[in-house]
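**Q** This is the structure I want to talk about, given as structure tokens.
The values are calculated or read from the model by the stated rules, or taken from the named source; none is laboratory data. Keep in mind it's a predicted model, so treat the numbers as computed, not measured. Backbone-built Cβ (ideal geometry, glycine too); neighbour counts: all protein chains shown.
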Amino acid sequence: MSGLVLEGISKRFNNVAAVDHVDLSVPNGTFVCMLGPSGCGKTTLLRTIAGLEEPTSGRILIDGKDITKLPAHQRDFGMVFQSLALFPHLNVGENVAYPLRIRGVGKADQVKRAEELLALVDLGGFAGRPVSKLSGGQRQRVAIARALALSPKLFLLDEPLSALDAKLREAMQVELRKLQQRLGITTIVVTHDQREAMTMADLVVVMGNGRIQQAASPVEIYRKPVNSFVADFIGSTNLLPVRQAMDGQGVSAPGGTIPGVALGAGRDQATLSVRPEDVHLVPADQAPLTGRISFIRDLGASIETFVDAGGTQIVAVTSPRERAAFQVGDTVGLRLDPEACRVLSS
Ligand code: ADP
Ligand code: MG
């Protein structure tokens with residue numbers, strides 16, 4: 001395959017398996033967001049891809065060529081760290097041109113290329129400014145421009161936007177995605193922000209405990225999480241313990257039954273995941289699953305209704321119109337769209 005391939009990559013530190021048998025294929029031009037809780041091995045995996053850590057086992061291939069043993073500086077990858085690591089004693093242009101300078105590119109070409117790169121990140125005319133006079137977002141752009149100076153084959157960013165405030169971060173997510181699309185460069189961004197991942201990625205890689213839990217498109221990750229770790233980590237979901245219903249029609253859950261859902265062969269119990277927006281409130285006699293409303297949170301544009309169904313809490317997110325008939329304390333019917341119900345393997 002042309003692109004990046006990780007084959008059975010593991011990285012141990014003493015007895016800690018920071019990265020544990022990771023297999024991943026990334027076609028050229030893909031924007032990947034790697035997501036997962038703190039300590040799950042994201043940085044270690046990125047540093048291993050960059051050549052800054054040597055894997056304990058496994059292989060890394062680029063366009064079919066094994067680069068596992070290739071030193072970092074020969075990989076021609078661009079990298080942006082959370083800390084940015086800009087040189088404070090160099091001005092903006094010199095920072096961007098730095099990788100060119102150490103490659104022995106002539107001064108005039110350095111200046112020209114730095115100007116092009118700065119224009120690319122909307123900082124045209126900033127070359128002569130001291131880095132210390134820039135805002136957080138501008139520094140971010142300088143770090144990105146510098147990482148792109150050598151036209152890298154692969155662009156690796158470790159939580160590049162986490163230091164920015166929410167508004168700027170959202171703007172930069174869109175900028176980064178546009179820039180990547182314009183350049184067509186394979187990009188891997190580590191983030192712990194799932195909104196960020198859903199905004200930018202072609203491919204979302206969810207990590208947990210050093211392993212890839214799921215790698216798929218944002219929509220598939222959201223709609224078809226493979227396990228409860230992914231379902232719970234990406235967006236919010238209701239996780240219900242369910243059993244095969246006695247009459248074979250659907251499944252039984254705390255609070256009643258859910259028609260139209262099958263557990264699959266050989267199983268008599270499982271965890272069912274259903275997103276709050278796929279739970280609909282109806283009068284109690286109109287659904288075989290019922291519960292009592294314990295709390296209503298009115299968010300203006302939408303309403304979250306918390307329902308106690310046989311001791312399990314189910315959250316429904318509805319439009320203000322849909323819930324209008326119900327109050328705290330009412331018994332309501334819960335209609336779950338069978339298509340939106342996921343029976344999870346673990
Ligand atoms: P993340 O970036 O997802 O927060 P890391 O890759 O930084 O996770 O860390 C994964 C695990 O590896 C953690 O348990 C961390 O303590 C451990 N780890 C990372 N780097 C080192 C190191 N250089 N030496 C020892 N342990 C490390
Ligand atoms: Mg990290």
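**Q** Filter the stretch 305-327 down to the residues that are farther than 20 Å from residue 258 by Cα, within 31 Å of the chain's Cα centre (by Cα) and surrounded by 15 or more Cβ atoms within 10 Å (Cβ to Cβ) and list them by number.
**A** Passing the criteria: none in range.
**Q** Sticking with this one: Which residues, taken from the stretch 109-158, are in a loop (DSSP other than H, G, I, E, B), within 30 Å of residue 42 (Cβ to Cβ) and modelled with pLDDT of 90 or more?
**A** 123, 134, 148, 149, 152, 153
**Q** Out of all the residues in the stretch 183-197, which are within 14 Å of ligand 1 (Cβ to nearest atom) and either buried (at least 22 other Cβ atoms within 10 Å of the Cβ) or of a type in the set (Lys, Arg) (or both)?
**A** 188, 189, 190, 191, 197, listed by residue number.
**Q** For the stretch 1-20, name all the residues that are assigned to a loop (DSSP other than H, G, I, E, B) and either in contact (Cβ under 8 Å) with a residue 40 or more places away in the chain or in contact with a Ser or Thr (Cβ under 8 Å, 6 or more places away or on another chain) (or both).
**A** 1, 2
**Q** Looking only at the stretch 21-54, which residues are part of a strand (DSSP E or B) and either within 16 Å of ligand 2 (Cβ to nearest atom) or at positive phi (or both)?
**A** Across the stretch 21-54, the qualifying residues are 21, 22, 32, 33, 34, 35.
**Q** How about the stretch 63-88: which of its residues are more than 16 Å from ligand 1 (Cβ to nearest atom), in contact with an Asp or Glu (Cβ under 9 Å, 6 or more places away or on another chain) and within 20 Å of residue 25 (Cα to Cα)?
**A** Listed by number, the residues that qualify are 68, 69.
**Q** Mind counting the residues in the stretch 173-212 that are charged (D, E, K, R) and either assigned to a strand (DSSP E or B) or closer than 28 Å to residue 20 by Cβ (or both)?
**A** 5
**Q** Additional query: Quick check on the stretch 148-182: of everything there that is surrounded by fewer than 17 Cβ atoms within 10 Å (Cβ to Cβ) and within 16 Å of ligand 2 (Cβ to nearest atom), which residue is nearest to residue 136 (Cα to Cα)?
**A** Ranking the candidates gives 163 first.
**Q** Pairs needed: first member in the stretch 154-180, on the phi > 0 side of the Ramachandran plot; second member anywhere, within 16 Å of ligand 2 (Cβ to nearest atom); C-beta distance under 8 Å; at least 6 residues apart or different chains.
**A** Within 8 Å, the pairs are 159/82; 159/190; 159/191; 159/192.
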